[in-house]
Amino acid sequence: MRKLLLLLIFGGVAFQYYNRDQQIDMTPNVNLNDWAVKLTQLSSNNKKDSEKLVCPNGHYVSVNYDLSEATCRQRTQL
């Protein structure tokens, strides 16, 4: 998947470089404000279902490597 993404990026750069004299515009007309509103609504909907872990003073939230669980751990001083 990464290779395909890199190929598309370099292909787009090469296309823009070699066709800059012909004034070809490949970028779509997209209103970024609409996309920002949609993404904000989607993220707010996902956050409503999540749980919140609040730790007491002197503790911090520790999350394991695969993000499946979180615990409160006591802070250590150096």
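So if I check each of Val61, Val13, which one is surrounded by 10 or more Cβ atoms within 10 Å (Cβ to Cβ), in a helix (DSSP H, G or I) and modelled with pLDDT of 85 or more?
Val13
When you check Asn29 against the structure, is it at pLDDT below 80 and surrounded by 10 or more Cβ atoms within 10 Å (Cβ to Cβ), yes or no?
no
The values are calculated or read from the model by the stated rules, or taken from the named source; none is laboratory data. Just so it is clear, the model here is predicted, and its values are computed rather than measured. Cβ atoms come from the backbone with ideal geometry, glycine included; neighbour counts cover every protein chain shown.
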